[in-house]
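The values are calculated or read from the model by the stated rules, or taken from the named source; none is laboratory data. Predicted model only: the values in this text are computed from it and were never measured. Cβ placement follows ideal geometry from the backbone for every residue including glycine, while neighbour counts extend to all protein chains displayed.
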Amino acid sequence: MRKYLLLLLVLLTQLQLSAQVVTAKDASKKAVKELERGISFAMGQQFDAALAAFEKSIEAEPGFINAWIFAGDVCMETKQYEKARDFYLGAIELQDDYDVSVYKKIAQCEQYLMEYTAAIEHIQLFLDHPAIVGETRRKALLLLESLEFAADAVTHPVDFRPENMGPAINSRYDEYFPSLSADQSLLVYTRNVVDTATTQAGTVILKGNEDFFISESIDNMWSPGYNIGSPVNTSLNEGAQNISADGRWLFYTLCNGHNGYGSCDIYYAYQYEGTWSYPENCGKRINSANWDSQPSISADGNELYFVSNRPGGQGGSDIWMSTMGEDGYWLPAVNLGPGINTPEEENSPFIHPDGNTLYFASNGRAGMGGTDLFYARRNPDLSWQTPENMGFPLNTGGNEATLHVSADGLQAFYSSDREDSYGGLDIYSFPLPDMLRPQPVTYVKATVLDAISRKPLEANIQLFDLSTEELIVKSSSDVKSGQFLVILPSGKDFGLYVNKEGYLFNSQNFSLAEGIPEEPFALTVLLQPVSVGEIITLRNIFFESASSEILPESAVELNKLYELLHNNPSMKVAVKGHTDAIGTETDNQRLSENRATAVVAYLSDRGITTDRMTAVGLGESAPVAENDTDAGRALNRRTEIEIISL
């Protein structure tokens with residue numbers, strides 16, 4: 001470096017003394033010859049040799065402006081931005097209007113060097129030229145906007161403290177695209193294993209293969225990552241994956257697959273009885289004849305976001321989204337439009353489990369330089385708010401590409417080649433600043449068991465918004481473990497239903513209207529076989545206080561009860577009302593009777609004959625919890641169904 005600086009100083013001194021610009025038609029034969037050698041080396045990707053040739057050309061002819069510019073271009077290509085800037089400045093010293101694009105190149109170098117004030121001056125000089133119009137002007141204006149943004153951003157840095165996730169995850173190879181299950185028990189990532197290979201001609205080449213690896217959180221420690229294996233991993237390159245919130249579905253990119261529609265397609269695999277299924281193509285409603293990649297599945301499984309360069313976008317690669325139809329098939333993908341996409345490149349979408357916060361990478365908006373990370377929030381009308389840059393130093397003058405945010409919104413995960421990496425790209429985690437966090441969510445993780453045998457059951461899972469009666473999530477428990485996981489956003493009350501043929505349904509209530517509890521919900525759901533004497537506790541039937549008037553939020557539960565009786569036409573039941581111990585025993589007895597009668601009347605109006613239902617009021621006589629706490633009294637205020645006959 002010292003030798004280079006001395007040489008450049010000498011050349012600049014000669015330049016100032018001569019102040020004579022020389023072009024290719026006027027330069028000496030030696031200077032032209034070295035220039036041509038440099039161009040040849042550069043075309044062959046031999047950049048060190050190219051730079052040496054350009055420097056010799058300048059030595060032979062200090063005023064040879066073309067050699068100064070080519071030397072800057074080579075340094076720019078090899079990310080030697082300080083050298084590049086100085087060569088370009090040398091060209092400007094020779095003739096400030098020889099090639100106006102040099103001003104833009106200087107600004108780009110200064111952007112990487114975080115010399116924003118100087119960069120703004122140089123890009124403005126570029127824009128002042130009357131020939132800068134059309135697309136060239138648009139891109140230059142974007143650069144100016146980015147430089148002004150960066151100059152301000154460095155004075156207001158966000159809290160950013162990345163920590164390497166350690167040797168259990170990272171290796172001497174590149175690791176990237178981290179993706180976690182909602183309970184943070186599974187981490188899936190891509191590793192590019194690069195080995196040397198020798199061709200028949202004796203040439204040694206580097207050969208890489210991208211595979212998926214999994215690490216499990218055990219006692220708050222990440223286990224050593226292991227290859228997910230076949231049939232998901234193959235001899236082809238698998239990458240850009242996203243694991244579903246419950247950890248059972250994997251969406252990813254496969255290029256040059258035998259049943260693909262384009263160069264790269266989106267595939268999926270799922271866990272069944274503890275093993276991964278054979279991958280399947282997501283189909284032509286999602287994939288195209290172009291490049292389709294980087295999928296992100298919403299927590300409810302109803303939206304799939306991905307990147308494509310297919311026609312019909314805003315330009316470059318765009319973010320697209322497909323929704324799940326009522327028939328269980330994906331609908332044709334739609335472009336997210338100019339609110340998210342730009343004429344440049346958008347990549348790496350991640351839809352947070354809150355369903356309304358989208359993180360992605362873009363080089364088409366004002367940023368620090370290269371590709372920056374952004375986030376956008378969705379409005380109630382499903383439009384997107386203007387994306388926000390995630391700030392400095394999370395974003396730098398280089399390229400930030402991928403981001404995954406934990407379900408609780410507290411931690412973020414990304415890949416970088418920082419100084420403490422184990423080699424190349426490593427996966428890091430960091431606390432996410434408050435202003436960048438998504439809406440809070442929690443989850444319910446449950447195991448479904450046969451109430452008698454205690455064996456795991458594969459059952460149907462439904463999550464309803466009780467205020468709108470909207471079905472939010474439709475899933476199933478694992479056939480081997482009986483487990484399932486469902487995301488619960490804040491601000492609503494939910495009814496969860498577990499159904500299996502031959503069993504009585506089980507209902508649960510989760511009230512999140514006032515916010516998120518400190519800990520997620522962990523349940524064991526015991527399904528009772530349909531038999532005489534079995535009792536269902538209906539946790540989602542609500543009444544006005546001290547009244548038998550049924551609240552609208554009860555509709556989902558009452559409809560479930562109707563379906564049970566409608567599908568079992570010979571079943572007879574007793575509807576039992578219970579109260580807490582607040583008030584007199586007489587009043588509570590009357591209230592429980594009236595509430596049971598109101599449920600019978602609702603079902604009768606739906607067509608269930610009254611001879612199949614008996615209303616029973618038990619008042620405060622059969623508590624299931626103490627009456628000295630709000631939680632205990634809430635459990636005692638309940639409606640039950642007992643099967644009398646089948």
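Might you let me know whether segment 495-512 holds any residue that is in contact with a Ser or Thr (Cβ under 9 Å, 6 or more places away or on another chain), among the acidic types (Asp, Glu) and in the same structural domain as Gly632 (by TED's automatic domain parsing)? Looking for residues that are in contact with a Ser or Thr (Cβ under 9 Å, 6 or more places away or on another chain), among the acidic types (Asp, Glu) and in the same structural domain as Gly632 (by TED's automatic domain parsing), one finds none in segment 495-512, hence no.
Of the residues making up segment 542-561, those that are touching a helix residue (DSSP H, G or I) at 6+ places or on another chain (Cβ under 6 Å) and assigned to a helix (DSSP H, G or I) number 1.
If Glu388 passes every condition in (1) closer than 16 Å to Gly316 by Cα; (2) at pLDDT 95 or above but one, which one does it miss? Only one criterion is unmet by Glu388, namely (1). With respect to Ser416, is the statement that it is of a type in the set (S, T, N, Q), out of contact with any His (no Cβ under 8 Å at 6 or more places or on another chain), modelled with pLDDT under 95 and not assigned by TED's automatic domain parsing to the domain that holds Gln528 true? It is true that Ser416 is of a type in the set (S, T, N, Q), out of contact with any His (no Cβ under 8 Å at 6 or more places or on another chain), modelled with pLDDT under 95 and not assigned by TED's automatic domain parsing to the domain that holds Gln528.
In segment 356-374, is there at least one residue being under 16 Å from the mean Cα position of the chain (by Cα), modelled with pLDDT under 95, in a loop (DSSP other than H, G, I, E, B) and charged (D, E, K, R)? For segment 356-374, residues under 16 Å from the mean Cα position of the chain (by Cα), modelled with pLDDT under 95, in a loop (DSSP other than H, G, I, E, B) and charged (D, E, K, R): absent.
Quick test for you: out of Glu93, Glu121, Glu82, Glu115, pick the one residue that is in contact with a Leu (Cβ under 7 Å, 6 or more places away or on another chain), surrounded by fewer than 21 Cβ atoms within 10 Å (Cβ to Cβ) and farther than 26 Å from Met43 by Cβ.
Numbers: Glu121 fails: in contact with a Leu (Cβ under 7 Å, 6 or more places away or on another chain); Glu82 fails: farther than 26 Å from Met43 by Cβ; Glu115 fails: in contact with a Leu (Cβ under 7 Å, 6 or more places away or on another chain).
So the residue among Glu93, Glu121, Glu82, Glu115 that is in contact with a Leu (Cβ under 7 Å, 6 or more places away or on another chain), surrounded by fewer than 21 Cβ atoms within 10 Å (Cβ to Cβ) and farther than 26 Å from Met43 by Cβ is Glu93.
Screening Pro438 against (1) at pLDDT 95 or above; (2) part of a strand (DSSP E or B) leaves a single unmet condition, (2).
Taking (1) surrounded by fewer than 20 Cβ atoms within 10 Å (Cβ to Cβ); (2) within 29 Å of Asp580 (Cα to Cα); (3) touching a strand residue (DSSP E or B) at 6+ places or on another chain (Cβ under 9 Å) in turn, Thr468 satisfies each apart from (3). If you go through segment 268-287 and pick out every residue that is part of a loop (DSSP other than H, G, I, E, B) and touching a strand residue (DSSP E or B) at 6+ places or on another chain (Cβ under 6 Å), you end up with 6. Here Lys492, Lys445 are screened, and the one residue that is charged (D, E, K, R), at pLDDT 95 or above and farther than 30 Å from Tyr173 by Cβ is Lys445. Filtering segment 388-424 down to residues that are part of a strand (DSSP E or B) and aliphatic (A, V, I, L, M), which residue is farthest from Gly339 (Cα to Cα)? So the residue we want is Ala412.
In summary, Asp381 fulfils each of the numbered conditions (1) without any contact (Cβ under 8 Å) to a residue 12 or more places away in the chain; (2) over 29 Å from Lys474 (Cα atoms) with the single exception of condition (2).
Condition check ((1) surrounded by fewer than 17 Cβ atoms within 10 Å (Cβ to Cβ); (2) at pLDDT 95 or above; (3) under 28 Å from Ile461 (Cβ atoms); (4) in contact with a Cys (Cβ under 9 Å, 6 or more places away or on another chain)) across all residues:
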| residue | (1), (2), (3), (4) |
| --- | --- |
| Ala513 | yes, no, yes, no |
| Glu519 | yes, no, yes, no |
| Ser531 | yes, no, yes, no |
| Ile535 | yes, no, yes, no |
| Ser547 | yes, no, no, no |
| Tyr562 | yes, yes, yes, no |
| Ile582 | yes, no, no, no |
| Gln589 | no, yes, no, no |
| Met613 | no, yes, yes, no |
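Within the option set Leu382, Leu358, being of a type outside the set (Phe, Trp, Tyr) and under 20 Å from Ser406 (Cα atoms) holds for one residue only, Leu358. Selection of segment 153-198 for residues being among the hydroxyl-bearing types (Ser, Thr, Tyr), surrounded by 15 or more Cβ atoms within 10 Å (Cβ to Cβ) and over 17 Å from Leu403 (Cα atoms) yields Ser171, Tyr173. Could you please let me know if Ala49 is out of contact with any Gly (no Cβ under 6 Å at 6 or more places or on another chain) and crowded, with 17+ Cβ neighbours inside 10 Å? When the stated conditions are applied, Ala49 does not pass them. Somewhere in segment 284-297, is a residue closer than 21 Å to Leu142 by Cβ and not hydrophobic (A, V, I, L, M, F, W, C)? No. Leu432 fulfils the conditions (1) in contact (Cβ under 8 Å) with a residue 40 or more places away in the chain; (2) surrounded by 21 or more Cβ atoms within 10 Å (Cβ to Cβ) except for a single criterion, (1). Scoring Val573 on the criteria (1) modelled with pLDDT under 95; (2) over 17 Å from Phe542 (Cα atoms); (3) touching an Asp or Glu at 6+ places or on another chain (Cβ under 8 Å) leaves a single failure, condition (1). Being of a type in the set (Phe, Trp, Tyr) and touching a strand residue (DSSP E or B) at 6+ places or on another chain (Cβ under 9 Å) holds for only one residue in Phe41, Phe47, Phe70, Phe64, and it is Phe64.
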